[in-house]
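Encoded as structure tokens, the structure appears first; notes follow it.
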């Protein structure tokens, strides 16, 4: 029994050492994910910064236009968005030889967006109240694609709870689509296979 335990312990240590070596050989472990990505949105002007945290997880913040609709009404205008993105199909895209540069993949995650009345293009929820604000808390599903020249498309749809101190709260959906250019240096154009 002691021999089996020693063999198992040896194999466990060897496997763990191999995984640690592989992790350190790949730097910070962000195999396909960009460590830093700053995007300037051309259509629907705005900006977005995305920070890669783990192999498939990033956080992002942006100030871009979005459309929101819930029981109180709708609004279209600028919002401050924060996201935690879990990219779920990097490996599938690599397996069929598709681009993953610039975080070109699909993602899901929790989201928060804050809308203020002064930066809205159109709405039907103000009812004469020129000083409203509300926040969206929910989940989003998004698609992001960046080509080799740096042009970026990001589209996401979400559903969640809208909270406001000056308006009625409720639930509804959010739509956010941006077209821009990634201003930061992207990883090599050669695919990285695990």
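The table below gives the values:
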{"item": "Net length gained if the chain between residue 122 and residue 43 were fully extended (0.36 nm per residue, minus Cα distance)", "result": "26.7 nm"}
{"item": "Long-range tail of P(r) for region 31-182 (Cα pairs > 21 Å, %)", "result": "43 percent"}
{"item": "Computed lengthening from residue 151 to residue 92, 0.36 nm per intervening residue step minus Cα-Cα distance", "result": "19.0 nm"}
{"item": "Linear extension gain, residue 131 paired with residue 179, 0.36 nm per residue minus alpha-carbon span", "result": "14.3 nm"}
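Coordinate-derived values only; no laboratory data. Here the structure is a predicted model, which is why all the values come from computation and not from measurement.
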